[in-house]
């Protein structure tokens, strides 16, 4: 199988995920408050509760993946089986039923939970299979970077064309516009997952021969470095949600420039493209820890430029470019650490727990997203936010806090956690040892 066919096929899986994931992160709060018709506090509370429910399903899915053994591999079958439910529940989440307030809130809870579960079915396997696609460390970095580029493209598509598509298909009816747009996204994602299944193949066997373990035994396979990875995911995706959600409120209400949202979206996202394209080369010369520190620094600098030059269009756009470089650098490095963390459990604990690691990542990602959405909703409520109206000075201040200062706090937390990451120094030793174990295992199997 050609390298680029595998790279693009794997990467496209995250494009499919991000057509919906980025919409949930950027538009779902606005959809619920301004179109669906529930309050910001109710929407934020719902996202918090459902995300923690969803986080539990991630753990279950991780255990299922670790116990899956088919001729297609451990993760690939779920791209095939999860594609149709993913498309269906995407459509239903953005459908507004003719119920009363209580009925609509129940509908929102149920459909959002189902969509998050469908997302888990395809995304957890996507997170687990890189160590099974190749044992070459540089090729893994290329796969991760290809995935990040495709994820960024998916996010760019969402941020650039979602609002125009809603307007075009809705013809003044936003509810209709959202439903048609998300139906298209769901169907496109479904076919992308079919393509990811067809273009990838799991060729690297685990060095761990045991197949049946309890959850308690699996948990023992998690290392301290795995918990560092989980915290990085928690704080990164909290940063991702607060940035992508509040940028809409900030430009719509604080700057009164809704007309710039498409430009803001594409500029903030595509500015990260150089970082993602350069990461495989940079990771040959610099440690992942130092690249993470640098990316965090970039985001903080960009955020300060936006704050200091908030009355200047040039400063706003320059700040968005720099924060884009920073946030996608954090994104790429975090996911680049994941295969190393998976290998470390195999190396240190003789444990094959890639599914559980991906599940806990999902738990912390979604818990962080839910908590962040709750905090945003609470901040907006406390500030006196009222949808589709001129905001008070207090409300505008609270929107600014969400857009500028909460991300700074999250960057500080990311830097503190990164300081404890140590796998850069032993990556070479892990590779040699695991390859030696595979050769020994193959020899023992042959002798039998």
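The values are calculated or read from the model by the stated rules, or taken from the named source; none is laboratory data. What you see is a predicted model, and the numbers here were worked out from it, not measured in a lab. For neighbour counting, all protein chains shown are included, and Cβ atoms are generated from backbone atoms with ideal geometry for every residue, glycine included.
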Can you tell me which residue within the range 214-237, out of those that are modelled with pLDDT under 90 and in contact with a helix residue (DSSP H, G or I) (Cβ under 8 Å, 6 or more places away or on another chain), is surrounded by the most Cβ atoms within 10 Å (Cβ to Cβ)? 237
Matching residues, the range 402-426, being more than 28 Å from residue 324 (Cβ to Cβ) and part of a helix (DSSP H, G or I): 425, 426
Might you let me know whether the range 135-148 holds any residue that is farther than 26 Å from residue 286 by Cβ and touching a helix residue (DSSP H, G or I) at 6+ places or on another chain (Cβ under 7 Å)? no
Within the range 247-262, is even one residue buried (at least 19 other Cβ atoms within 10 Å of the Cβ), under 17 Å from the mean Cα position of the chain (by Cα) and at pLDDT below 85? no
Suppose the filter is under 24 Å from residue 320 (Cβ atoms), modelled with pLDDT under 80 and touching a helix residue (DSSP H, G or I) at 6+ places or on another chain (Cβ under 6 Å); does residue 273 pass it? no
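Per-residue answers, yes or no, for (1) in contact with a strand residue (DSSP E or B) (Cβ under 8 Å, 6 or more places away or on another chain); (2) surrounded by fewer than 23 Cβ atoms within 10 Å (Cβ to Cβ); (3) without any contact (Cβ under 8 Å) to a residue 60 or more places away in the chain; (4) closer than 30 Å to residue 101 by Cβ:
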position	(1), (2), (3), (4)
3	no, yes, no, no
8	no, yes, no, no
20	no, no, no, yes
32	no, no, no, yes
37	no, yes, no, yes
52	no, yes, no, yes
66	no, no, no, no
71	no, yes, yes, no
86	no, no, no, yes
